[in-house]
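Input: a single structure, listed below in structure tokens.
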Amino acid sequence: MKAKNVAILESRLGKELVELVAKRGGLPFHAPALSELPDLDPGAISSLMKSLAGKPAKLFVFQTGVGTRALFAATDNLGITEIFLKLLSTAIIAVRGPKPTGALRSRGVRIDFSAAEPYTTREVLLSLENIPLKNERAIVQRHGSVNLELDRALEARGAEVMEIPTYRWSLPADTGPLEELIGALERGEMHAAVFTNAEQVRNLFAVSRKLDKAAEVQKALNATLVASIGPVASAALREAGVKVGLESSPPKLGPLLSALDSALS
């Protein structure tokens with residue numbers, strides 16, 4: 001990717017990704033497309049724990065590391081972590097991938113089922129397909145938005161599903177860099193664009209629609225090498241009418257950058 005302009009839309013790990021692209025000789029253009037806002041209601045969490053004491057959940061599903069850590073921080077502040085851990089010890093614990101796995105193990109939580117790569121909702125459901133859930137409670141740690149696919153699939157099997165919000169996704173407070181990226185894409189200045197989250201795609205197009213540039217952005221991306229971290233981001237790109245040039249396997253930053261470097265070379 002030497003001397004190639006690479007658009008990076010990642011927020012939380014954006015600086016690290018910028019540095020990795022620069023180390024490989026690329027020219028990173030950082031336009032954060034996503035903001036993670038806290039969405040924890042201590043009162044609601046306290047009420048949920050009391051409710052679970054009366055009717056325990058059979059299944060807990062943890063989807064993200066950052067959300068799992070935020071949930072435990074909330075129970076720490078409320079002084080109910082021991083109660084939470086006891087509830088977890090008598091339930092089936094499922095995780096979406098290595099990040100929630102690490103967060104749970106740091107708290108000594110046993111993990112019963114772990115989704116296989118590429119860690120999508122499909123793999124989560126496959127890991128749980130033999131668990132009877134009729135008339136059972138299932139608690140889902142929400143990621144940035146409600147996972148309707150997961151909730152509806154569990155409900156179809158008879159489960160009573162409750163999601164615990166921990167954070168929500170939003171547009172960045174400053175959309176200036178995204179607007180600059182839209183201009184650069186329209187002028188054909190980007191050699192590649194890296195998407196590490198489906199919401200980045202939706203937010204990029206949300207801003208482009210406000211500027212009345214959605215068609216131009218779609219056309220520009222289809223004339224650019226579009227790199228996706230995995231199938232969820234790829235699905236969002238295809239929904240937006242964008243051709244995916246490469247998809248990382250496994251869905252991690254290292255393999256993604258290696259594949260991008262090879263493709264641009």
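Test of understanding: ordering Ile182, Ile8 by Cβ neighbours within 10 Å, fewest first, what list do you get?
Least crowded to most crowded, the residues run Ile182, Ile8.
As an exercise, identify the trypsin sites (Lys or Arg not before Pro) in segment 69-169 lying in DSSP coil whose Cβ has no more than 10 other Cβ atoms within 10 Å.
Details: sites: Arg69, Lys86, Arg96, Arg105, Arg107, Arg110, Arg122, Lys134, Arg137, Arg142, Arg152, Arg157, Arg168; in loops: Arg96, Arg107, Arg110, Lys134, Arg142, Arg157.
Qualifying residues, ordered by number: Lys134.
So for Met190, Met49, fewest C-beta neighbours within 10 Å to most, what's the order?
In increasing order of surrounding Cβ atoms, one gets Met49, Met190.
Nothing charged except the Cβ atoms of Lys and Arg (+1) and of Asp and Glu (-1): what's the magnitude of the dipole of segment 1-68 about its Cα centre? Round to the nearest 20 debye.
Taking the Cα centre of segment 1-68 as origin, the dipole is about 280 debye.
So how strong a dipole does segment 38-169 carry about its Cα centre when Lys and Arg Cβ are +1 and Asp and Glu Cβ are -1, to the nearest 20 debye?
220
Along each principal axis of its Cα atoms, how long is the chain end to end? Whole angstroms, biggest number first, please.
Between the extreme Cα coordinates on each principal axis of the chain lie 61, 34, 34 Å.
If we count other beta carbons within 10 Å of each Cβ, what is the order of Val109, Val61, fewest first?
Val109, Val61
At a threshold of 8 angstrom on Cα-Cα distance, excluding pairs fewer than six apart, so keeping six or more, what relative contact order does segment 86-230 reach in percent?
Taking the mean separation of contacting Cα pairs over the length of segment 86-230, I get 16 percent.
When the helices in the chain are scored as -39500 (n - 2.57) per DSSP H run of 4 or longer and the sum is shared across all residues, what 222 nm value do you end up with, to the nearest 500 deg cm²/dmol?
Calculated from helices alone, the mean residue ellipticity at 222 nm is -13500 deg cm²/dmol.
Take the Cα coordinates of segment 13-79, assign each an equal point scatterer, and use the Debye formula without solvent to give log10 I(q)/I(0) at q = 0.14, 0.27 Å⁻¹.
Results for segment 13-79 at q = 0.14, 0.27 Å⁻¹ read -0.63, -1.24.
Counting Lys and Arg as +1 and Asp and Glu as -1, each charge on the Cβ, what is the dipole of the chain about the Cα centre in debye, to the nearest 20?
Charge dipole, the chain, about its Cα centre: 440 debye, nearest 20.
For segment 114-160, with the dipole built from +1 on Lys and Arg beta-carbon atoms and -1 on Asp and Glu ones, taken about the Cα centre, which of Leu154, Asn135, Thr120 lies farthest toward the positive end?
Asn135
Assuming 0.890 mPa s and 25 °C, estimate D for segment 94-148 with Stokes-Einstein, Rh taken as the Kirkwood radius over Cα pairs, in µm²/s.
It diffuses with D of about 200 µm²/s by this estimate.
In nm, give the distance between the simple-model label positions of Ser249 and Leu13, each being 7 Å from the Cα along the Cα-to-Cβ direction.
Each label point is offset 7 Å from its Cα along the Cβ direction, giving 2.0 nm.
Describe numerically, in nm with one decimal, the distance between label points set 7 Å from Cα along Cα→Cβ at Glu160 and at Thr90.
Between Glu160 and Thr90, the simple spin-label model gives 1.5 nm.
Can you pull the semi-axes for segment 112-207, root of five times each eigenvalue of the Cα gyration tensor, sorted largest first, whole Å?
The three semi-axes for segment 112-207 are 37, 15, 10 Å.
With Kirkwood's inverse mean 1/r over C-alpha pairs for Rh, give me the Rg to Rh ratio of segment 45-110, two decimals please. Mind dumping the intermediate values first?
Values: Rg = 11.1 Å, Rh = 11.9 Å.
Ratio of gyration radius to Kirkwood radius: 0.93.
Give me the lysines in straight-line cross-link reach of Lys58: C-alpha distance below 21 Å, same-chain residues under 8 apart excluded.
Lys50, Lys86, Lys134
In terms of Cα to Cα distance under 12 Å, which aspartates and glutamates are near enough to Lys219, apart from those fewer than 8 places away along the same chain?
Once the sequence-local aspartates and glutamates are set aside, what remains near Lys219 is Glu186.
Along its principal axes, what span do the Cα atoms of segment 122-265 show, with the longest given first and each in whole Å?
Taking max minus min along each principal axis of the Cα atoms, segment 122-265 gives 56, 34, 23 Å.
Between Asn77 and Glu180, what FRET efficiency comes out of the Förster formula 1/(1 + (r/R0)^6) with R0 = 51 Å and r the beta carbon distance, rounded to 0.05?
0.85
What shape does segment 38-169 take by its C-alpha gyration tensor, where a ≥ b ≥ c are the square roots of the eigenvalues and a/c under 1.5 counts as rounded, a/b above b/c as prolate, and the rest as oblate?
rounded
Here, each number is a calculation from the coordinates, and none is a lab measurement. These figures come from a predicted structure and were not determined experimentally. All Cβ positions, glycine included, derive from the backbone under ideal geometry; neighbour counts span all protein chains shown.
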